[in-house]
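Participant: Once you've had a glance at the structure underneath, I'll fire off some questions.
The values are calculated or read from the model by the stated rules, or taken from the named source; none is laboratory data. Worth saying up front: this structure is predicted, and the values here are computed from it rather than measured. All Cβ positions, glycine included, derive from the backbone under ideal geometry; neighbour counts span all protein chains shown. The area values use the complete protein model at the heavy-atom level, side chains included, leaving out ligands, DNA and RNA. Shrake-Rupley method; radii C 1.70, N 1.55, O 1.52, S 1.80 Å.
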Amino acid sequence: MDADLQAGPIEPPAVDSDAGPGAPPRRRSRLGRWWRRAVLVGTVLLLVVTTTSLTYNAVTAGRAAPPKGLRYVQAADIRTRYRTWGRAGSPVVLVHGAFEQADTWSRVGPLLAPDHRVYALDLTGDGYSQRRGPYTVDHFTRQLLGFLSALHLDGPGERPLLVGHSSGAAVVAEAALRAPGRIGSVMLLDGDALDTGAGPPSALKYVLIDPYRTSLLRLGLGVDGLIRSFYGAQCGPACPRLDAAGLDEWRRPLRVPGAETALWSMLGEGVPGLPAAEVARLATVRIPKAVVFGAQDDVFSEQTPRQTARRIGAPPPTLIPRARHLTMISSPHEVAAAVEALAGARPVP
């Protein structure tokens, strides 16, 4: 008898129920098991990270107090912190950019003090002013104009010189457009005033979500080297190294009550700015204007300073050699000289 017949009927090969059409059965089965394990491991890791983040946030929930002896005034609807230098002369008002504060001007203010009354304010959302949204150019401008009124800087014969750094350029530009009769002159410092400028995209608010964003922020603020790295990249080698007091100057405003909530709102809004057509309207305002940039400012393109000067009807821009984005820190004498030159400019006929 034939051997195959003696062995009995032949069983068909087993079919893997996980296999798809045309896929090797055993391979499909293994892939399915690996996928289920990966989902399980990912879920467990997410739970662990979330629990750890929530616990860390609870442990670090204590907030820092603002420094003692700060000066405040009610500017429009914002209790506004400000600094001053000088007691005589024409007024100069310094407006910081995103994530800065009045103290950012501490190297320029004293240089202008012999001939001017110098003021620097904390825009809402930054520094130690009351945090009240929305964090938009409109709201910042209302605060700035309210500040001028509160300190009587826009009365007869006053007409202050406004300097706006980075995104603060949009604020001083809008102030001049809204109240040209109250403003003496305007300087855009390291800023083009546009809403297309550098900064985190508004979509970031969909990526950085709680509790993870709070944990990341608090962890980052605790690392001195990270703060020095950001500062160095924006300021350049000409800037003084951050000591303990300098680190606290940049760190503490983000640790006071309400700072984190305001930060997330500002990141959601994006860096404030104006449409190009709105900025171009500044050319019609008959006041002296100036544009000043660090020659090595990599936040903007090489063409930005000249384009900005042409757009607002200002003379050719002043470029500060070897300076990056924080020129008021790296090059205070050059910035002060540019302000003095603008203060001495003849009124536009």
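Participant: All but one of (1) over 30 Å from Gly89 (Cα atoms); (2) surrounded by 17 or more Cβ atoms within 10 Å (Cβ to Cβ) hold for Ala276, so report the exception by its number.
Facilitator: Ala276 satisfies all of (1) over 30 Å from Gly89 (Cα atoms); (2) surrounded by 17 or more Cβ atoms within 10 Å (Cβ to Cβ) except (2).
Participant: Moving on to the next point. Filtering region 234-245 down to residues that are under 18 Å from the mean Cα position of the chain (by Cα) and open to solvent by less than 60 Å² (accessible area, probe 1.4 Å), which residue is nearest to Ile329 (Cα to Cα)?
Facilitator: Selected residue: Cys235.
Participant: Sticking with this one: Of the residues Ala245, Ala337, Ala262, only one is assigned to a helix (DSSP H, G or I), more than 30 Å from Ile78 (Cα to Cα) and among the aliphatic types (A, V, I, L, M); which?
Facilitator: Details: Ala245 fails: more than 30 Å from Ile78 (Cα to Cα); Ala262 fails: more than 30 Å from Ile78 (Cα to Cα).
From the options Ala245, Ala337, Ala262, the qualifying one is Ala337.
Participant: Can I ask one more? Considering region 150-174 alone, what residues qualify as being open to solvent by less than 20 Å² (accessible area, probe 1.4 Å) and assigned to a loop (DSSP other than H, G, I, E, B)?
Facilitator: Answer for region 150-174, where residues must be open to solvent by less than 20 Å² (accessible area, probe 1.4 Å) and assigned to a loop (DSSP other than H, G, I, E, B): Leu153, Pro160, Ser167.
Participant: For region 109-122, which positions are open to solvent by 10 Å² or more (accessible area, probe 1.4 Å) and in contact with a Phe, Trp or Tyr (Cβ under 7 Å, 6 or more places away or on another chain)?
Facilitator: Result: Pro110, Ala113, Tyr119.
Participant: Still on this structure, please answer the following. Limited to region 39-67, what total is found for residues that are modelled with pLDDT of 95 or more and either more than 24 Å from Leu216 (Cβ to Cβ) or of a type in the set (Lys, Arg) (or both)?
Facilitator: Residues in region 39-67 being modelled with pLDDT of 95 or more and either more than 24 Å from Leu216 (Cβ to Cβ) or of a type in the set (Lys, Arg) (or both): 1 in total.
Participant: Moving to a separate point now. Out of region 300-326, which residues are of a type in the set (A, V, I, L, M, F, W, C) and open to solvent by 70 Å² or more (accessible area, probe 1.4 Å)?
Facilitator: Answer for region 300-326, where residues must be of a type in the set (A, V, I, L, M, F, W, C) and open to solvent by 70 Å² or more (accessible area, probe 1.4 Å): just Leu319.
Participant: Looking for something within 18 Å of Ser149 (Cα to Cα) and at pLDDT 95 or above - is there at least one such residue anywhere in region 94-110?
Facilitator: Checked region 94-110: at least one residue is within 18 Å of Ser149 (Cα to Cα) and at pLDDT 95 or above.
Let's see how each residue does on (1) open to solvent by less than 60 Å² (accessible area, probe 1.4 Å); (2) part of a strand (DSSP E or B); (3) not β-branched (Val, Ile, Thr):
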| residue | (1), (2), (3) |
| --- | --- |
| Thr43 | no, no, no |
| Val48 | no, no, no |
| Ser53 | yes, no, yes |
| Ala64 | yes, no, yes |
| Lys68 | no, no, yes |
| Tyr72 | no, yes, yes |
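Participant: Find all pairs meeting these conditions: Cβ atoms under 9 angstrom apart; at least six residues apart or on different chains; first residue within region 57-74 and of a type in the set (D, E, K, R); second residue open to solvent by less than 60 Å² (accessible area, probe 1.4 Å).
Facilitator: Note: pairs meeting the criteria are Arg63/Val256; Arg63/Gly258; Arg63/Ala259; Arg63/Glu260; Arg71/Arg81; Arg71/Tyr82; Arg71/Thr84.
Participant: Given the condition of a type in the set (S, T, N, Q), surrounded by fewer than 24 Cβ atoms within 10 Å (Cβ to Cβ) and farther than 19 Å from Glu174 by Cα, answer yes or no: does some residue in region 139-149 qualify?
Facilitator: No: zero hits.
Participant: Please pick out the residue among Arg241, Arg251 that is out of contact with any strand residue (DSSP E or B) (no Cβ under 7 Å at 6 or more places or on another chain), modelled with pLDDT of 95 or more and among the basic types (Lys, Arg).
Facilitator: Step by step, each of Arg241, Arg251 is checked, and only Arg251 is out of contact with any strand residue (DSSP E or B) (no Cβ under 7 Å at 6 or more places or on another chain), modelled with pLDDT of 95 or more and among the basic types (Lys, Arg).
Participant: Being among the acidic types (Asp, Glu), buried (at least 17 other Cβ atoms within 10 Å of the Cβ) and over 17 Å from Gly168 (Cβ atoms): is that true of Glu334 here?
Facilitator: yes
Participant: Looking at Ser185, Ser166, which is the one that is of a type in the set (Ser, Thr, Tyr) and at positive phi?
Facilitator: Selected residue: Ser166, the only one of Ser185, Ser166 that is of a type in the set (Ser, Thr, Tyr) and at positive phi.
Participant: Separate question: If you check Glu158, Glu174, which single one turns out to be touching a Leu at 6+ places or on another chain (Cβ under 9 Å), charged (D, E, K, R) and at pLDDT 95 or above?
Facilitator: After applying the criteria, what remains is Glu174.
Participant: Take region 89-108 and flag every residue that is open to solvent by less than 20 Å² (accessible area, probe 1.4 Å) and closer than 19 Å to Ala176 by Cβ.
Facilitator: Pro91, Val92, Val93, Leu94, Val95, His96, Gly97 - these are the residues of region 89-108 that are open to solvent by less than 20 Å² (accessible area, probe 1.4 Å) and closer than 19 Å to Ala176 by Cβ.
Participant: Take Leu267 and decide whether it is at pLDDT 95 or above and closer than 29 Å to Leu47 by Cβ.
Facilitator: Spelling it out, it is not the case that Leu267 is at pLDDT 95 or above and closer than 29 Å to Leu47 by Cβ.
Participant: Right, next: Among the residues of region 175-189, how many are outside any strand (DSSP E or B), open to solvent by less than 10 Å² (accessible area, probe 1.4 Å) and in contact (Cβ under 8 Å) with a residue 40 or more places away in the chain?
Facilitator: Within region 175-189, residues that are outside any strand (DSSP E or B), open to solvent by less than 10 Å² (accessible area, probe 1.4 Å) and in contact (Cβ under 8 Å) with a residue 40 or more places away in the chain number 2.
Participant: Take Pro253 and tell me if it is in a loop (DSSP other than H, G, I, E, B) and not basic (Lys, Arg).
Facilitator: Answer is no for this residue.
Participant: Is it true that Gly86 is modelled with pLDDT of 95 or more and over 20 Å from Ile183 (Cβ atoms)?
Facilitator: In short, no.
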